[in-house]
1. Determine which member of the set B:17, B:47, B:5, B:66 is within 24 Å of the chain's Cα centre (by Cα), surrounded by fewer than 19 Cβ atoms within 10 Å (Cβ to Cβ) and more than 10 Å from every other protein chain (Cβ to nearest Cβ).
2. Within region A:175-186, can one find any residue that is farther than 20 Å from residue A:94 by Cα, outside the structural domain of residue A:31 (by TED's automatic domain parsing) and at pLDDT below 95?
3. What tally of residues in region B:78-96 results from selecting those that are at the interface with chain A (Cβ under 7 Å from one of its Cβ atoms), under 16 Å from residue A:14 (Cα atoms) and surrounded by fewer than 16 Cβ atoms within 10 Å (Cβ to Cβ)?
4. For residue A:183, state whether it is crowded, with 19+ Cβ neighbours inside 10 Å, more than 13 Å from the chain's Cα centre (by Cα) and without any contact (Cβ under 8 Å) to a residue 12 or more places away in the chain.
5. Can you tell me which of A:152, A:164, A:144, A:172 is in contact with a helix residue (DSSP H, G or I) (Cβ under 8 Å, 6 or more places away or on another chain) and free of Cβ contacts under 8 Å to residues at least 24 places away in the same chain?
């Protein structure tokens, strides 16, 4: 059994304290995924309102923060669903930059890596990178120039580890669109990380 | 002598393959798809051969996997987003809304 944290069972919920203790944490969790301050604020508010209603089921079991993040995850997905329905991906959709300049070369090597953009060896392991909070700032900044839906698809896939089918359903897109979005996000992010993190580290 | 001949042969094979196989631009798209679905036998063979002769695409694939592995290690949200978090204005708006609800 987990120790009850915060409010103990039987006590009435204290949403003001939730806001003080977890508001910033939840906001940052949401804004990284939604990439929109207003939408993130709304998601945090909806989370607390839902938490008030569902408080009886929680009753201080487990960590309060884990419980709230669990609710917030659903609110984030709800937001994507609404946005996907309201603005379906059109014919001339913007999936992100194709970066064909990365592969500009004189014939006969057109379509192969241009020396200026070709990958270099990275000397890093996930374990080292996770510890570096400045790495995550660069990571987040590198996602910023991408279209919102592309960045969100990438985050749902690579950070949250959702399956392709789930992401397609949430964002109301076809799997081919998703693959193009993920490919472009990866192409862009990899290059941006190399320029702004890995080359600077050397 | 034999080594020199072997190197020359290897170089020619690589050069020939690079002309025959899908380009790097096509290959990086396949690399991304290989993280989403299982590739057909033909796609797998083309990819393997391309990676055998192209260190750049090899690194590209390693980097995508490194990014995935690192991102899935669940960093704290505070690491991603700098700044204090909720604005005072938003905080007060949410506080009012929650008090009305109580």
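The values are calculated or read from the model by the stated rules, or taken from the named source; none is laboratory data. Values in this document were obtained by computation on a predicted structure and should not be read as measured data. Backbone-built Cβ (ideal geometry, glycine too); neighbour counts: all protein chains shown.
1. Criteria check complete, one pass: B:17.
2. Taking region A:175-186 as the starting set, the residues that turn out to be farther than 20 Å from residue A:94 by Cα are none.
There is no residue in region A:175-186 that is farther than 20 Å from residue A:94 by Cα, outside the structural domain of residue A:31 (by TED's automatic domain parsing) and at pLDDT below 95.
3. Here the count works out to 0.
4. Values: crowded, with 19+ Cβ neighbours inside 10 Å: yes; more than 13 Å from the chain's Cα centre (by Cα): yes; without any contact (Cβ under 8 Å) to a residue 12 or more places away in the chain: yes.
It is true that residue A:183 is crowded, with 19+ Cβ neighbours inside 10 Å, more than 13 Å from the chain's Cα centre (by Cα) and without any contact (Cβ under 8 Å) to a residue 12 or more places away in the chain.
5. Values: A:152 fails: free of Cβ contacts under 8 Å to residues at least 24 places away in the same chain; A:144 fails: free of Cβ contacts under 8 Å to residues at least 24 places away in the same chain; A:172 fails: free of Cβ contacts under 8 Å to residues at least 24 places away in the same chain.
The unique qualifying residue is A:164.
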